[in-house]
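Everything on this sheet refers to the single structure shown next.
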Amino acid sequence: MRSNNPPPPLHLFGRDEYVRKITDSIASKVPLGLGARLVIGGPGGIGKTSVALKIFYLPELDALIPPRARFFVPCQAVTTASTFLSAISSSLGVEIAADNPLESMLRRLRAERGPMMLVLDNAESFWMNGEVQPRARAILRHVCNINSVTLLITIRGTEQPDVATWDPLPLLGPLGIEDARNAFLAIANTVQPSASLDLLLKKVDCVPLAVNLLGRRCQISGEDPIILSERWEKEHTRLLRLGDRNPEDNIDVSIKLSLDSERMNIAALRLLSIVSYLPAGIPDEAWNSLTFPDSDLSAQNSSSDACP
Ligand SMILES: Nc1ncnc2c1ncn2[C@@H]1O[C@H](COP(=O)(O)OP(=O)(O)O)[C@@H](O)[C@H]1O
Ligand SMILES: [Mg+2]
């Protein structure tokens, strides 16, 4: 493992069961000489990268996949097939051969005698890009053809790239109230647990990024949960802006990344605009009447109308 990998998560509340599902998959495959194939999907800020990093550094896996055979590939800057290949090659420490970069990368993977782990973080950057996707599909199918490789990807949304038979793993969801409270108090450590704190956390649906930003805001400014709740009612996501560029400092940046995705068509945007007014999402029974049939989606996609 290289020191320029992102560090392990500082806090990871409420993800023990999810982490166990992943380690169980790995433990059921690797001793048979097979690699696990895992997708951590879910919205921005829900904690996908944090779980992936937890797995990447997990000492309990050392006996199955040694730390020196684990590779973490941050993909958020990937915009082309060649930058995708370079990102993987650079994590593997492979010199990028001008003649056949794919072959040199695959040769490096095949040369590893024992099990190895490849983590691709932010897979949406290559998968949701219509120009890059076909090439990324070919690259990943080659990678998945190598049994010794355990592949773990994180991706915004619900799509599982059609490059492997993925092991079952649910989408990552929000934290329970207790874990959200513990996550908040780990940051704002002079605050006492209270009903108003729980109310505040429920207002942001216990989404880890929002909980984290509220905790930091409270720690920095000393505003208590009641004041923060009132401000949330008035300012919404503007309250959760601690910096301008980094998605980890700004929930608007994180949401904008999702809105900018090529998959965000007009119908999906309209649906999202409705859902965003409902703090706890929408009830299951209302879902069918709000979603659009596929035929509507393709009609909406090809229409040049502006957003509603
Ligand atoms: N389970 C958790 N407990 C505490 N903090 C968390 C948890 N999951 C994520 N976070 C924090 O929330 C923020 C967003 O998490 P991240 O893993 O980057 O989300 P994603 O990759 O889904 O966009 C980060 O600041 C992270 O430290
Ligand atoms: Mg992430």
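The values are calculated or read from the model by the stated rules, or taken from the named source; none is laboratory data. Quick caveat: nothing in here was measured; it's all calculated off a predicted structure. Every residue, glycine as well, gets a Cβ built from its backbone with ideal geometry; the counts of neighbours run over all protein chains shown.
Tabulated data
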item	result
Any hit, region 62-69, residues being under 20 Å from residue 163 (Cβ atoms), assigned to a helix (DSSP H, G or I), within 24 Å of the chain's Cα centre (by Cα) and not charged (D, E, K, R)	no
Whichever residue in region 144-160 is more than 16 Å from ligand 2 (Cβ to nearest atom) and touching a residue at least 40 places away in the same chain (Cβ under 8 Å) and, among such residues, is nearest to residue 123 (Cα to Cα)	160
When residues of region 1-19 are limited to those that are outside any loop (DSSP other than H, G, I, E, B) and free of Cβ contacts under 8 Å to residues at least 60 places away in the same chain, the one surrounded by the most Cβ atoms within 10 Å (Cβ to Cβ)	19
Residues satisfying the stated conditions in region 131-162, i.e. touching a helix residue (DSSP H, G or I) at 6+ places or on another chain (Cβ under 7 Å), closer than 18 Å to residue 22 by Cβ and of a type outside the set (S, T, N, Q)	149, 151, 152, 155, 161
Conditions (1) closer than 20 Å to residue 163 by Cβ; (2) away from ligand 1 (no atom under 16 Å from the Cβ): number failed by residue 52	(2)
Among (1) modelled with pLDDT under 95; (2) closer than 29 Å to residue 64 by Cα, the one test that residue 138 misses	(1)
Options 204, 211; residue that is crowded, with 20+ Cβ neighbours inside 10 Å, away from ligand 2 (no atom under 16 Å from the Cβ) and not hydroxyl-bearing (Ser, Thr, Tyr)	204
Pairs with Cβ under 6 Å, 6+ apart, first in region 114-138 and touching a residue at least 24 places away in the same chain (Cβ under 8 Å), second charged (D, E, K, R) and away from ligand 2 (no atom under 16 Å from the Cβ)	117/70; 128/262; 128/263; 130/262
Region 20-47: number of residues that are within 14 Å of residue 117 (Cβ to Cβ) and either within 12 Å of ligand 1 (Cβ to nearest atom) or part of a loop (DSSP other than H, G, I, E, B) (or both)	4
